[in-house]
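For reference, the structure discussed in these notes is given below.
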Amino acid sequence: MALSLLLPCHIASAQADKKEKPPQVGVKDVSIHPWTANRRELKIDPKTKGIFDEHRVSVTSGKQTRIRISGKMKHAGGDLEGSPVLHLGKIALIPISERSGTIKVGEPSASDNSNYLILLEDNSEKLKTEILTLKKNATYTWSVVNEDGKMVYSVFSEGEKKWSLSASEKDVRSFGIGAWTRFENQKTEIDFAID
């Protein structure tokens, strides 16, 4: 009798703990944009006439979806809406949902050199950013989780939360990763894996 009372509670608890995994992120789900640290809240339309095109972004989909941003700065400056801008790079945006994965870099973070960031995009297409300081040969983990109606995007090193962004669930539309450099011939290389 006691077992029959406990069994439905156990099943309900197990079902509540087991969240439905969102569909895998496909290549077409990833949106790629030029970016400048001089206007870090701005998602730049890649079709903008005469826009700078620094660094390359590749997206592959298999067991995991991987986003790789890499390249070498060709021109130290660019033009945006008639004004000069520096600190040029690329960002990749993914529709918001609870997810996790890993980050590795081939070029470590260095001030005014190789730089990396995470970001959230709100419904008005404004970006909220957090700069990462990443070491070569280290593996970082990341997660996007819903905590009491807030989407929290965090990056961890050896299990310890190092960087985080959050926004109301109803106000955020995407999350992403980015890279940029400051001067000619500086390099970036970041591998962002989505489980």
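Structure above, values below:
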item: Segment 80-195, relative contact order in percent, only Cα pairs under 8 angstrom and at least six apart counted; result: 39 percent
item: Residue-by-residue Karplus 3J(HN,Hα) for segment 174-179, coefficients 6.51, -1.76, 1.60, Hz, glycine and proline x; result: 7, 10, x, 9, x, 8
item: Accessible surface, per residue, of the chain when the full set of protein chains is kept, probe 1.4 Å, Å²; result: 56 Å²
item: Whether segment 70-195 is rounded, prolate or oblate, judged on the alpha carbon gyration tensor where a/c under 1.5 counts as rounded; result: oblate
item: Rg(Cα)/(2.2 N^0.38 Å) for segment 47-93, N = residue count; result: 1.39
item: The chain: angle of helix 2-17 to the longest principal axis, Cα-based, in degrees nearest 10; result: 10 degrees
item: Distant-in-sequence amide H partners of GLY101 (H built 1.01 Å from N, under 5 Å); result: TRP142, ASP195
item: Accessible carbon and sulfur surface of segment 65-195 relative to its total accessible area, %, 1.4 Å; result: 43 percent
item: Out-of-range pairs (alpha-carbon distance over 21 Å; input LYS136/LYS187; LYS43/LYS135; LYS128/LYS150; LYS72/LYS135; LYS47/LYS74); result: LYS43/LYS135
item: Interchain or long-range residues, amide H under 5 Å from VAL85's placed H; result: GLY78, ASP79, LEU80
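The values are calculated or read from the model by the stated rules, or taken from the named source; none is laboratory data. Remember, it's a predicted structure, so these values are computed and weren't measured experimentally. All accessible areas refer to the heavy atoms of the entire protein, side chains included, with ligands and DNA or RNA removed. Shrake-Rupley method; radii C 1.70, N 1.55, O 1.52, S 1.80 Å.
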